[in-house]
Number of protein chains: 2
Amino acid sequence: MSAQKTGRSVTIKDVANKAGTSIATVSYVFSNNERYIRPDLRERVLKAAAEIGYVKNAAASSIRGKRRGLLAVVVAQFGNTFFTRMCVEIVSLARQEGYVVTLCNSDENVEQERLILERLVAQRIDGCILSSALSLEDNTALLRQHRIPYVVLERSFPNSTLQHDFVGHDNFQSAFIATRRLLDAGHRRIAFAGWDSPIPNVRDRVDGYRAALREYGLAADQENVLTGELSEAAGRWMAEKLSGTLGAAVTAVVLGHHDIAKGALLYFQDHGIRWPEDISVVMIGTPEWAGVLRPRLTCIQRPEHEMAVATAALLLERIKTPEAPPVQRIFSSSILEGHSIRP
Amino acid sequence: MSAQKTGRSVTIKDVANKAGTSIATVSYVFSNNERYIRPDLRERVLKAAAEIGYVKNAAASSIRGKRRGLLAVVVAQFGNTFFTRMCVEIVSLARQEGYVVTLCNSDENVEQERLILERLVAQRIDGCILSSALSLEDNTALLRQHRIPYVVLERSFPNSTLQHDFVGHDNFQSAFIATRRLLDAGHRRIAFAGWDSPIPNVRDRVDGYRAALREYGLAADQENVLTGELSEAAGRWMAEKLSGTLGAAVTAVVLGHHDIAKGALLYFQDHGIRWPEDISVVMIGTPEWAGVLRPRLTCIQRPEHEMAVATAALLLERIKTPEAPPVQRIFSSSILEGHSIRP
DNA sequence: CGGCGGTATGAAAACGTTTACTTCCCGTAT
DNA sequence: ATACGGGAAGTAAACGTTTTCATACCGCCG
C-alpha cells in the first residue's frame, strides 16, 4: 500500500531485501513455475511485495523469458461497428488468458498499416489479428519474418497463394439467403446494390445473388446489379437509379453493404419512397443505426460472437503450436427478420 | 529483406557482426542520440540491419533506457461512438510521436478497470488516458503510485478532492443551449429526460436546463425533469410518461443522453408520435444512428476533434513535465441544426 | 619528438528479470 | 559413521539493449 520514496520503480531486488530472501525466490514466486517454495516463505515474499507495491516489469521479464503478454488487433476501419464489436470481444477473451491487447486502426491506409506492424514487431508482440487495409499489398510478410503468429480476419488478400490462418464469413451465402428471402416472398424483379470490391471474398456476394436467381429459374437478363465504390454517396446514386424503375422493373433490392445501404435508405427516406410499400429491402449487415430505422429492416447478420471467439481461440492456439498447418474458418450468416419485405 | 535462418530473433549483435563493428555503434545508430557517427559507418550499419531484417526490441530497450514507447487509453464503453472517435484520433496523434497505443475497455466495470490498470502498470506504459467506469472508486492511485502520467477524460470522480489533469466538456452549457434553443423557438413547456448519473459533471446537465428556464423567467413549477438509469428502456419509459401530457403540459423535450434518447425516439416512432409536429426535440450528443433519422434531429455536439487533440497533447506534455500542476480543459458544445423543432 | 586536445569507436557495466546450476541441509540406507 | 538422495533455496549467467567510461588515432604545437 505504501508508496516508494525513491524515484526508481520497485524491483524484484527490493522485494528480496524486504523479505530477506534471494531475488530468484521472488522471481519463482511471481512466475508461476512448478518450483516448490515453502508456504511460509512464499507468504513472506507476497507480503513484502504488497507492502512496497511491487508490480512485475513485463518488459524486463519478456527479454529473458519468451512471453511478452501483448497481443495486437489491427483493423482498417475502427469505426465500423462490426470491427468495433469484434475488437471488444477479442480483447476481453484475450484478457482472460492474461494478455494485454493493443488495438490499432490503419484507416484503410496500407502505408499506415505497415508502420503499425513495424511498431508492433518492435514491441515483440506475441500474436496479431489482422484485418487488412484494402489494397494489393500484403504486409503479413513482416509478421512471418519475425515469426509472429497471426490470424487474418474477414479480409483476405487478392493475389496471394499463401494460406493464412483465417476467420471470415461466407459472403456468397449471405447474399444467397438475402436474395432467396425476397424470392420466397414472391419477388421476381430483384436488384442488387453493392460494393465493387477489390477483395475477392466480397465479390462473392454478387455471385450469391446470381446463384439464388438461378435457383428460382430466373435468367441472366433478369439480373439487375449495381456496384460502385464503398460510400454513402454511391448508395444514394444507386437508389436514385433504382427509383426510376420502381414497380415496373424492380420490386425489391438486396443492399449488399451497410455503407451503401445507408446512402440508399437515406435517399429513399428523403424522396418519400417507403419500405416495404414501395420497395422491399434486405440489407447485408447489422450496423448500429439499423436499430432506429422504422419499419425495421430485415438484415443478414454475421455470427459476431462466434467469429470473435473463433478468432481469439485460433490465435491463442497458433501461439501454442506455431508450425501447425493454417486453418480457415468460414461462418454462415442468418436472417434477422424485420418488416421491410412485402409478400 | 532476407529472413533469418535461426530460430532466435535478429539482435543488435547480429547487425554488429554483419557490419563489422561494435554493438555500441549499432545502438547509437538506432537511438537517435547526439553522438556523431561517420556517415559511411552509419550507412554500413543501416545496410547490414536492413539485410538481416533487424528491428529494435522495444522491450529490451525500455529496460535500460526510460521510454517505453507505449501509451494506453482506457475507456468504459468502447462501443460508445464518442469514445470510439476519441480513441481513433488520440491513437493517430500519439502515433505521430512514435507511440504505440493500447486501447482498453473496462465495460463499466471497476474491477475490470483495476485489473486493466495493473496490467498496464506491469507493461510500464509511459502514460495513460482514463475515462473511468462509473463508480465511487478511483483507480488512479495505482497510476500515481507508479508515477505514470495520466489524463482523465470526460468522466471525473465523485468524491475526490484531488486535482487530475482533465479534459472534458461543459455539461451545464450543453443542456443550457439545448434548452435555450427550444425557448427561443417559443416553447415554454419543455421537459428534460436524462440520466440520473453518479458523475457530478453529468448532473450539471439538469442544472443547465434549469438555468435556461430561469433565464426566460420560468418558475420552478414549470420544470419537468425525468431522470433514470442509463438505458434505452429508461428512455422508452420516459417517452411513455411524456406522451400522456403531450400538447397540454409538454410541447418539447431535451433528450439529455443518447442512450436514453434512443429509447425515447423509438417509443415516439412506434407510437406514431412525430417530431417536430407532435413534439419538438433536441438531443444532447451525436451518436452514429442520429444520421439516419428523418426528420433530422437538432443535436448538441461536443467538439470531438478539439477534445481529442487536447487530451493527447496534455498527456504528452505531462510526460515531458510530470511535476507540473494539473490542467483542466473544459470545452463548450455547439448546436447542429436539424428539423426537429417546431417554432 | 613528446605531449595535448579532440574525435570516433569500442569494452563493459547496468537495467530487471528468468533459469540453469550449485549449494546446503537433513533423513535414510549401507 | 559414511555415503547418498532429494528437497529447498541461493548464485550467477543470460537476455537485448543503453550508456559510461576508456582507448586509439590523428593532427598540431611547442
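Data table
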| item | result |
| --- | --- |
| Flag if A:GLU288 is under 30 Å from the mean Cα position of the chain (by Cα) and modelled with pLDDT under 95 | yes |
| Residue identified as on the phi > 0 side of the Ramachandran plot and loosely packed, with under 14 Cβ neighbours inside 10 Å among A:GLY20, A:GLY69, A:GLY65, A:GLY53 | A:GLY20 |
| B:ARG67 being more than 10 Å from chain A (Cβ to nearest Cβ) and in a loop (DSSP other than H, G, I, E, B) | yes |
| Extreme residue, nearest to DNA strand D (Cβ to nearest atom), among residues of segment B:23-36 that are surrounded by fewer than 16 Cβ atoms within 10 Å (Cβ to Cβ) and of a type in the set (Ser, Thr, Tyr) | B:SER31 |
| Matching residues in segment A:222-281 - criterion: being among the hydroxyl-bearing types (Ser, Thr, Tyr) and in a strand (DSSP E or B) | A:THR227, A:SER280 |
| Selected residue (only one of A:PRO322, A:PRO295, A:PRO343, A:PRO276 is surrounded by fewer than 16 Cβ atoms within 10 Å (Cβ to Cβ) and either of a type in the set (Val, Ile, Thr) or more than 12 Å from chain B (Cβ to nearest Cβ) (or both)) | A:PRO343 |
| Qualifying residue in segment A:90-97 (condition: within 10 Å of DNA strand C (Cβ to nearest atom) and crowded, with 16+ Cβ neighbours inside 10 Å) | no |
| Residue tally, condition assigned to a helix (DSSP H, G or I) and more than 10 Å from every other protein chain (Cβ to nearest Cβ), over segment A:118-139 | 0 |
| Checklist (1) within 14 Å of chain A (Cβ to nearest Cβ); (2) surrounded by fewer than 21 Cβ atoms within 10 Å (Cβ to Cβ) applied to B:PHE268, failing item | (2) |
| Residues of segment A:72-105 satisfying the condition of being among the small types (Gly, Ala, Ser) and either at the interface with chain B (Cβ under 10 Å from one of its Cβ atoms) or in a helix (DSSP H, G or I) (or both) | A:ALA72, A:GLY79, A:SER92, A:ALA94, A:GLY98 |
| Of all residues making up segment A:9-48, the number that are among the hydrophobic types (A, V, I, L, M, F, W, C), within 10 Å of DNA strand C (Cβ to nearest atom) and either part of a helix (DSSP H, G or I) or in contact (Cβ under 8 Å) with a residue 60 or more places away in the chain (or both) | 8 |
| Single residue of segment A:5-14 satisfying the filter (over 42 Å from the mean Cα position of the chain (by Cα) and closer than 19 Å to A:ALA60 by Cβ) that is farthest from DNA strand D (Cβ to nearest atom) | A:THR6 |
| Exclusive hit being away from DNA strand D (no atom under 15 Å from the Cβ), out of contact with any helix residue (DSSP H, G or I) (no Cβ under 6 Å at 6 or more places or on another chain), β-branched (Val, Ile, Thr) and closer than 22 Å to A:GLN77 by Cβ, set B:VAL101, B:VAL91 | B:VAL91 |
| Residue among A:GLU240, A:GLU223, A:GLU229 that alone is assigned by TED's automatic domain parsing to the domain that holds A:MET283 and either closer than 19 Å to A:GLN77 by Cβ or of a type in the set (Phe, Trp, Tyr) (or both) | A:GLU229 |
| B:TRP289 part of a loop (DSSP other than H, G, I, E, B) and either closer than 30 Å to A:ALA233 by Cβ or basic (Lys, Arg) (or both) | no |
| Residue within segment B:299-311 that is assigned to a loop (DSSP other than H, G, I, E, B) and surrounded by 20 or more Cβ atoms within 10 Å (Cβ to Cβ) present | yes |
| Any chance B:GLU108 is surrounded by fewer than 18 Cβ atoms within 10 Å (Cβ to Cβ), in contact with a helix residue (DSSP H, G or I) (Cβ under 8 Å, 6 or more places away or on another chain) and in contact (Cβ under 8 Å) with a residue 24 or more places away in the chain | no |
| Positions within segment A:33-54 being over 12 Å from A:GLY20 (Cα atoms) and β-branched (Val, Ile, Thr), in sequence order | A:ILE37, A:ILE52 |
| Odd one out for B:ALA185, checked against (1) modelled with pLDDT under 95; (2) farther than 18 Å from B:MET307 by Cβ; (3) surrounded by fewer than 21 Cβ atoms within 10 Å (Cβ to Cβ) | (1) |
| Per-region count, segment A:168-220, residues of a type in the set (A, V, I, L, M, F, W, C), part of a helix (DSSP H, G or I) and over 25 Å from the mean Cα position of the chain (by Cα) | 6 |
| Scan of segment A:37-64 for residues that are more than 16 Å from DNA strand D (Cβ to nearest atom) and within 7 Å of another protein chain (Cβ to nearest Cβ), ordered by number | A:GLY53, A:VAL55 |
| Near pairs, Cβ below 8 angstrom, 6+ apart or cross-chain, from segment A:187-215 (over 29 Å from A:SER131 (Cα atoms)) to any residue that is surrounded by fewer than 19 Cβ atoms within 10 Å (Cβ to Cβ) and of a type in the set (Phe, Trp, Tyr) | A:ARG188/A:TYR216 |
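The values are calculated or read from the model by the stated rules, or taken from the named source; none is laboratory data. Owing to the predicted nature of the structure, the values given are computational and were not obtained by experimental measurement. Note that we place each Cβ from the backbone using ideal geometry, even for glycine, and neighbour counts take in every protein chain shown.
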